[in-house]
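K.L.:
This is the structure I have questions about; it appears just below.
The values are calculated or read from the model by the stated rules, or taken from the named source; none is laboratory data. The shown structure was predicted, so the numbers you read here are calculated from the model rather than taken from an experiment. When we count neighbours, we look across all protein chains shown, and the Cβ atoms used for this are built from the backbone with ideal geometry, even at glycine. Note: areas computed on protein heavy atoms with side chains; ligands, DNA, RNA excluded. Shrake-Rupley method; radii C 1.70, N 1.55, O 1.52, S 1.80 Å.
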Amino acid sequence: MVNPTQKNQLEKGFARAMDKQEFVKSFADLLQEESTEVTSDTKLEALENWDSLTVLEFLTCADEQYGAELEIDELSACDTVNDICTLVEKAVA
């Protein structure tokens, strides 16, 4: 579960231009993963904390802070962190 500090960190990442490095860092923070261990090429299945609750929290943050209205099916089709970043970029373009 995401605590308020982590949610704020993710929101800050979304509030900036879609810089992939910042997105990856914010995403790692959301997952409570070491940001040095998460890259844009990291497979989602390799992330211990990427679960259904985190997916819902991510969808909420993406919508509230960046205006990216994503469908759970779209997010479920993503294989890597970069896929999610691209999905968010397309949703706000």
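K.L.:
Filtering the range 63-82 down to residues that are crowded, with 18+ Cβ neighbours inside 10 Å and in contact with an Asp or Glu (Cβ under 8 Å, 6 or more places away or on another chain), which residue is nearest to THR39 (Cα to Cα)?
P.N.:
VAL81
K.L.:
Suppose we keep only residues that are closer than 10 Å to VAL24 by Cα, within 13 Å of the chain's Cα centre (by Cα) and polar (S, T, N, Q) within the range 36-51. Which one would you say is least open to solvent (accessible area, probe 1.4 Å)?
P.N.:
Of everything passing the filter in the range 36-51, THR42 is least open to solvent (accessible area, probe 1.4 Å).
K.L.:
Among the residues of the range 35-63, how many are of a type outside the set (A, V, I, L, M, F, W, C), under 16 Å from PHE23 (Cβ atoms) and not in a loop (DSSP other than H, G, I, E, B)? Don't jump to the end; show me each part of the working.
P.N.:
Within the range 35-63, the first condition is being of a type outside the set (A, V, I, L, M, F, W, C), and the residues that meet it are 35-37, 39-43, 45, 48-49, 51-52, 54, 57, 60, 63.
After this cut, where a residue has to be under 16 Å from PHE23 (Cβ atoms) as well, the list is 35-37, 39-42, 54, 57, 63.
Filter once more, so that each one left must be not in a loop (DSSP other than H, G, I, E, B): 54, 57, 63.
Within the range 35-63, residues that are of a type outside the set (A, V, I, L, M, F, W, C), under 16 Å from PHE23 (Cβ atoms) and not in a loop (DSSP other than H, G, I, E, B) number 3.
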